[in-house]
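Here, each number is a calculation from the coordinates, and none is a lab measurement. Everything quoted here is computed from the prediction, not taken from an experiment. Don't worry about glycine lacking a Cβ; one is built from the backbone with ideal geometry, like all the others, and counts go over all protein chains shown.
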Amino acid sequence: MEAPVKKNQIYDVVFEDLTHEGAGVAKISGFPLFVPNALPGEQGTVKVVKVKKGYGYGRLMELTKTSPDRTEAPCPIYKQCGGCQLQHLSYEGQLRHKQKVVKEALARIGKVDVTKTTIHPTIGMSDPWNYRNKAQVPVGEREGGLIAGFFQKRTHEIIDMERCLIQQSENDQIVQAVKAICRRYGIRAYDEQAHKGWLRHIVVRYGEMTKQAMVVFITRTADFPHKKRILAEITAKFPSVQSIVQNINPKRTNVIFGDETKVLWGSEYIYDCIGSIQFAISARSFYQINPVQTKVLYDKALEYANLTGEETVIDAYCGIGTISLFFAQKAKKVYGVEIVPDAIEDAKRNAKLNGIENVEFAVGEAETLIPKWHQQGIKADIIVVDPPRKGCGESLLQTIIAMKPKKVVYVSCNPATLARDIAILEQGGYETKEVQPVDMFPHTMHVECCALLMRIEE
Ligand code: SAH
């Protein structure tokens, strides 16, 4: 079929929908055009910028009718940055949109009967700003001076940034100060093209509950010009800084961290809490970006599990053991499985730090290790999964079906793979009771949710 639109032509359109990536959808003779920054119900003119097989992309030229959900994006760099996709949609509108994304994925991909499964309204944040606890800013130079900020959308050009509105303001203040101090000492930024220069990234991590901060210098080489003075200035200015670390990345790569990390000042770790559980965070350890909403999400998982203290729980894709430790307080025994050895080291350290003894952590692929446990006769009353975006391995889902836990609590960061996996579990004898979307990343397209599946009595 010939596309009914042509590149560079201008069309009058009505926007009907919003993709899960936050682009408006308009149809021209049934042919979908994806247009950033447009909302359902809006009308306007669009210039076609790309035509693909079956769909195209457009650029919004003018809006002739605006949505009541439209709001002025408060961030001045919103359009250049691309880190957020939904700032032009009111927060209420974002929460409704995220619920709809989950509902549609479950109905379309999961073939879930959404009249029987309750898909709750998204739980949002009371203050959906200043939530990120980790700033990771690339460093560059402009007219000889150090700059640090973000890569302009779809480019490798660094734009200087003073403030990121979804970032904890403490992080931004520290980044600004470190940048200014380094500039004063004539520190050279890493130059990607020439593979020369020194400072590649400034990373700041912040424990919101403990008010402890860590500064990481990611550098091309192991030296550190003006080290004593730079560290002294940072620690004098920010009593919250408990740890300053250097990570060396000598490679030509987009990967931020290198293999070698050394502590320059203070402790190797900072600490933070989610609920009553403490976590040790090192420069490279994984830690949830929004601990406030993580607690909301995992509290929901705990509520769905409804533990009495007698249960054996398996936590697949356990990371640093956040869910395992949450559940261990209420279960008889928890087994956590995770593929990254460092994360399991952290999980074990965190268990010890909190005096939790009824957990065991193992390194391995969930889809390989759990089938082995099943063969060895290990039984589970509840299986929790929290997989990466690609969802659960098929052999894990088949093992869950064979192990017949009473409940599966599925924590997901991708409604599409959640829906795909739910369809398999439903075929294997489970029913999806409830799904709770939780907004972990306000103003971005990301949607997290927690689903409760129960085994149907035979
Ligand atoms: N609940 C965890 C985060 C889960 S994120 C926490 O709070 O720490 C998903 C995790 O799955 C990541 O830690 C990732 O390393 C791990 N992972 C990815 N593929 C895996 C696999 N095949 N088997 C086990 N773990 C895996």
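Listing for the model above:
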{"quantity": "Mean separation of Cα contacts under 8 Å, 6 or more apart, over the residue count of region 294-375: relative contact order %", "calculated": "28"}
{"quantity": "Distribution of pairwise C-alpha distances over the chain, 10 Å bins, in %", "calculated": "4, 18, 25, 25, 19, 8, 1, 0"}
{"quantity": "√(5λ) per eigenvalue of the Cα gyration tensor, region 343-458, largest first, Å", "calculated": "23, 22, 13"}
{"quantity": "Loop GluC sites (Glu not before Pro), region 305-391, which have at most 12 other Cβ atoms in a 10 Å radius of their Cβ (DSSP)", "calculated": "Glu310, Glu357"}
{"quantity": "For region 120-197, convex hull volume per residue from C-alpha positions, Å³", "calculated": "115"}
{"quantity": "Environment charge of Asn254, counting only residues whose C-beta is closer than 15 Å and scoring Lys/Arg +1, Asp/Glu -1", "calculated": "+2"}
{"quantity": "Low-density loop positions, trypsin sites (Lys or Arg not before Pro), region 331-413 - DSSP coil, at most 16 other Cβ in 10 Å", "calculated": "Lys332, Lys379, Arg389, Lys390, Lys406"}
{"quantity": "Per-peptide average of other Cβ atoms within 10 Å, ordering 245-257, 285-297 highest first", "calculated": "285-297, 245-257"}
{"quantity": "Expected-Rg normalisation [2.2 N^0.38 Å, Cα atoms] applied to region 20-121", "calculated": "1.20"}
{"quantity": "Across Lys98/Lys211; Lys27/Lys79; Lys7/Lys52, pairs whose alpha-carbon gap is larger than 20 Å", "calculated": "Lys98/Lys211; Lys27/Lys79"}
{"quantity": "Cα extents of region 268-412 along the three principal axes, largest first (Å)", "calculated": "42, 30, 27"}
{"quantity": "Net charge, Cys450 excluded, C-beta distance under 10 Å - Lys, Arg +1, Asp, Glu -1", "calculated": "-4"}
{"quantity": "Taking region 112-268 and dividing mean pair separation by its residue count, relative contact order in percent (alpha carbons under 8 Å, at least six apart)", "calculated": "17"}
{"quantity": "Residues of type lysines that Lys196 reaches as a straight line, Cα spacing below 28 Å, ignoring anything fewer than 8 places off in the same chain", "calculated": "Lys134, Lys153, Lys179, Lys227, Lys228, Lys251, Lys262"}
{"quantity": "With eigenvalues of the C-alpha gyration tensor scaled by 5 and rooted, region 221-303, Å", "calculated": "31, 18, 9"}
{"quantity": "Spatially close lysines, pair count over region 320-458: Cα under 13 Å, gap of eight or more or interchain", "calculated": "7"}
